[in-house]
Amino acid sequence: MKYQIATAVVILASLSSPVISEAKDQTTQHQRYYAAYEKIVQELNRSHENADVTLLAADQFADEDWVSPKRFQERALERLKPLRVQTSLEWDSERTLERTERGNDVRIIGDFETELLEQSKRQRLSDVFSMTSLAIDGGKWTQTGFSGTPIDALQTMVVTVSGTYAKQGILTRHHITKEYHCSWYGEIYY
């Protein structure tokens, strides 16, 4: 009986050894990759004007985020480009307009108020109630603020939504600017 128990312990110990060794190898590879990623991010920030790329902590990486340094560099370079934005409008609490581009990263929803100018009998944009935004492609978008600047005799509002976007181990800061226009009758379009 003692012989059978000892054999079972030896067999179990030999089965778990490759699993532990494989986990150590993967951890070592992740450490090497992460060190290479740090260098890539430093170089991008140094060599590209206005680049603001941050490497997320290693524990925030999903399994599919661990790619070769060459592939990571390609992803980081792609993230220097402006985000693709889906834009939606709400005004007068009932009308909605939405524009969708292919392969969007972020959705921005604007809520505006219009008012009638008595002297010209024309509507104009009077205020931006809110601009909200969210990631729509698996990334993480955090809106940090928005501002609206009226131009064109209050017929156009230039809105900038600011935030951070995190995906594939890379965090970037963005300022997304869109123009919204008001028709004579108070319809908002872009």
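Looking at segment 137-150 only, could you name the residues that are open to solvent by 50 Å² or more (accessible area, probe 1.4 Å) and over 18 Å from S162 (Cβ atoms)?
G138, P150
Filtering segment 137-150 down to residues that are at pLDDT below 90 and assigned to a strand (DSSP E or B), which residue is nearest to D111 (Cα to Cα)?
Filtering first and then ranking leaves G148.
When you go through R79, R71 one by one, which is the residue that is of a type outside the set (F, W, Y), buried (at least 18 other Cβ atoms within 10 Å of the Cβ), closer than 23 Å to Y37 by Cβ and at pLDDT 85 or above?
R79
How about segment 160-183: which of its residues are open to solvent by less than 10 Å² (accessible area, probe 1.4 Å), closer than 14 Å to G139 by Cβ and part of a strand (DSSP E or B)?
Passing the criteria: G163, Y165, I170, T172.
Which residues, taken from segment 125-136, are open to solvent by 30 Å² or more (accessible area, probe 1.4 Å) and more than 13 Å from I108 (Cα to Cα)?
Within segment 125-136, S126, D127, F129 qualify.
Limited to segment 49-63, what total is found for residues that are of a type outside the set (A, V, I, L, M, F, W, C) and either open to solvent by less than 70 Å² (accessible area, probe 1.4 Å) or in contact (Cβ under 8 Å) with a residue 60 or more places away in the chain (or both)?
3
The values are calculated or read from the model by the stated rules, or taken from the named source; none is laboratory data. The model shown is predicted, which means the values in this text are computed figures rather than measured ones. So basically every Cβ, Gly included, is an ideal-geometry build from the backbone, and we count neighbours across all protein chains shown. The protein model used for the area step is the full one, side chains on, heavy atoms only, and it has no ligands, DNA or RNA in it. Shrake-Rupley method; radii C 1.70, N 1.55, O 1.52, S 1.80 Å.
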